[in-house]
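Some notes on the structure that comes next.
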Amino acid sequence: MNRLKIYLLLILTMISLTSCSEKKSLPEQNAFEVSDSSNIKYEALLKSFLTGKYSSIDRFVILDLKNYLENHIFVQFSFMHNNQKYEGISYIYKYQNESQVILEEDSILDIQSEITKLMVVGELKNSDYKFKTISGIVNNKSIDTLLIKYSDKNNVFIKLNATKRSYLDVRTLPLNSQVSIENIIGLDENNNIIDKMQ
């Protein structure tokens, strides 16, 4: 009899989980997953989007991709246009089998900066939350770790290496939240400050 109750409880739990509506009311920060299996699909989508914006691009590369609650995709990328290197970030919304670029920001890569910074802020589609993304390229090879300091003290450390010289952080927040980025600090392997930017 106890087994029957356990099975019924499991079935009811599974039904309640699968019947959740599309609108997410309480995203969690740890719902982010890094994914590279979908890179080809998002690469084609972003190449098409950027070709419409710039007419021609070359050497498009996805640097990082974060998938939030399966429907919200944040992609950091780089590409060449007119012999200049660009960096960019985009928010893609996926529903069923369709994906759409909702927001995209790019700029010519500033190779003179120790650390570059791109930000995109917007509302998560079909949600009561907004997002704040920050990404960039670390040009100074002596920077080993980045510290991104937020006003709510939920700071983020990002470890770099010889092949990974880019960073991407995505925060989801209630619509009325006023959390801001205080600064980005570049640290060497001994945790000495190399660079600090607002």
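The values are calculated or read from the model by the stated rules, or taken from the named source; none is laboratory data. Every value quoted in this text rests on a predicted model; they were computed, and no experiment measured them. Every residue, glycine as well, gets a Cβ built from its backbone with ideal geometry; the counts of neighbours run over all protein chains shown. Side chains are part of the model used for accessible areas, which takes the heavy atoms of the whole protein and leaves out ligands, DNA and RNA. Shrake-Rupley method; radii C 1.70, N 1.55, O 1.52, S 1.80 Å.
General remarks:
- LEU50 being in contact with a strand residue (DSSP E or B) (Cβ under 6 Å, 6 or more places away or on another chain) and modelled with pLDDT of 50 or more: no
- Selection within the stretch 108-134: residues that are open to solvent by 60 Å² or more (accessible area, probe 1.4 Å) and either assigned to a strand (DSSP E or B) or of a type in the set (A, V, I, L, M, F, W, C) (or both). The member of this set that is farthest from ASN67 (Cα to Cα) is ILE111.
- Any chance THR145 is among the hydroxyl-bearing types (Ser, Thr, Tyr), surrounded by 18 or more Cβ atoms within 10 Å (Cβ to Cβ) and in contact (Cβ under 8 Å) with a residue 24 or more places away in the chain: no
- Residues being within 19 Å of VAL120 (Cα to Cα) and either surrounded by 14 or more Cβ atoms within 10 Å (Cβ to Cβ) or in contact (Cβ under 8 Å) with a residue 60 or more places away in the chain (or both) - total across the stretch 183-198: 2
- Against the test of being under 23 Å from TYR91 (Cα atoms) and part of a loop (DSSP other than H, G, I, E, B), the options VAL179, VAL170 yield a single qualifying residue, VAL179.
- Number of positions in the stretch 103-118 that are among the aliphatic types (A, V, I, L, M) and in contact with a Leu (Cβ under 9 Å, 6 or more places away or on another chain): 1
- Taken residue by residue, the stretch 184-194 has no member that is among the hydrophobic types (A, V, I, L, M, F, W, C), touching a Phe, Trp or Tyr at 6+ places or on another chain (Cβ under 7 Å) and under 29 Å from TYR54 (Cβ atoms).
Here's the yes/no breakdown for (1) modelled with pLDDT of 95 or more; (2) of a type outside the set (A, V, I, L, M, F, W, C); (3) more than 30 Å from ILE148 (Cα to Cα):
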{"site": "ARG3", "(1), (2), (3)": "no, yes, yes"}
{"site": "ILE11", "(1), (2), (3)": "no, no, yes"}
{"site": "MET14", "(1), (2), (3)": "no, no, yes"}
{"site": "SER25", "(1), (2), (3)": "no, yes, no"}
{"site": "VAL34", "(1), (2), (3)": "no, no, no"}
{"site": "SER38", "(1), (2), (3)": "no, yes, no"}
{"site": "ASN67", "(1), (2), (3)": "no, yes, no"}
{"site": "VAL75", "(1), (2), (3)": "yes, no, no"}
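- Residue in the stretch 151-161 that is in contact with a Phe, Trp or Tyr (Cβ under 6 Å, 6 or more places away or on another chain), at pLDDT below 95 and under 22 Å from ASN67 (Cα atoms) present: no
- Complete set of residues in the stretch 153-198 that are closer than 24 Å to TYR129 by Cβ and basic (Lys, Arg): LYS153, ARG171
- Once the stretch 48-107 is narrowed to residues that are β-branched (Val, Ile, Thr) and part of a strand (DSSP E or B), the residue that is surrounded by the most Cβ atoms within 10 Å (Cβ to Cβ) is VAL75.
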